[in-house]
Amino acid sequence: QVQLEESGGGLVQAGGSLRLSCAASGRTFGSYAMAWFRQAPGKEREFVAAFTWSGDITDYADSVKGRFTISRDGAKNTVYLQMNKLKPEDTAVYYCAARSGPGSVYERLYRYWGQGTQVTVSS
């Protein structure tokens, strides 16, 4: 059983940075894609970034391109989301997700989810 655990959320001022971590366990992830989604209050969950573990293929939502970077540490089975130049509209609960196969922007294709970590950006 795949388990995902996020950490690194918190309160930061606009323009600041945070790095989220997603520790994955339960299997090897060579054929998996990992992704970050987020859900703001009153809004639907939306795609942020995805990473295909074996192919190093990444994809980003337009709203975070140039500010956020998804990466991994294979030895630690951990995926990171480095968030720079944060804006108040980035405030949300951020979720890590995993699926067997290529990355996707569609949350319904991800089988495994973490519990989420809150990111709050003050203006």
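The values are calculated or read from the model by the stated rules, or taken from the named source; none is laboratory data. Since this is a predicted model, take the numbers as computed values, not measurements. Because the Cβ atoms are built from the backbone with ideal geometry, glycine has one as well, and the counts that use them run over all protein chains shown. Keep in mind that these areas ignore ligands, DNA and RNA; they rest on the heavy atoms of the full protein, side chains included. Shrake-Rupley method; radii C 1.70, N 1.55, O 1.52, S 1.80 Å.
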Original post:
Scanning for something open to solvent by less than 50 Å² (accessible area, probe 1.4 Å) and not hydroxyl-bearing (Ser, Thr, Tyr), does segment 57-66 turn up at least one residue?
Top reply: yes
**OP:** Please give the number of the condition Leu109 fails out of (1) within 19 Å of Glu6 (Cα to Cα); (2) touching a Lys or Arg at 6+ places or on another chain (Cβ under 9 Å); (3) not basic (Lys, Arg).
**Re:** (1)
Original post:
What do you reckon, is Ala33 surrounded by 15 or more Cβ atoms within 10 Å (Cβ to Cβ) and either closer than 13 Å to Val119 by Cβ or at pLDDT below 95 (or both)?
Top reply: yes
Subject >> Criterion (at pLDDT below 95, polar (S, T, N, Q) and part of a strand (DSSP E or B)) met by exactly one of Ser71, Ser21 >> reply: Ser71
**OP:** Residue by residue through segment 68-97, note down the ones that are basic (Lys, Arg) and within 14 Å of the chain's Cα centre (by Cα).
**Re:** Arg72
Original post:
Looking at this structure, is Tyr94 in a strand (DSSP E or B), among the hydroxyl-bearing types (Ser, Thr, Tyr), open to solvent by less than 40 Å² (accessible area, probe 1.4 Å) and over 14 Å from Phe47 (Cβ atoms)?
Top reply: no
Original post:
Could you list, in sequence order, the residues of segment 97-121 that are open to solvent by 30 Å² or more (accessible area, probe 1.4 Å) and under 17 Å from Arg67 (Cβ atoms)?
Top reply: Thr120
**OP:** Residue by residue through segment 81-91, note down the ones that are surrounded by 20 or more Cβ atoms within 10 Å (Cβ to Cβ) and in contact (Cβ under 8 Å) with a residue 60 or more places away in the chain.
**Re:** Leu81, Met83, Leu86
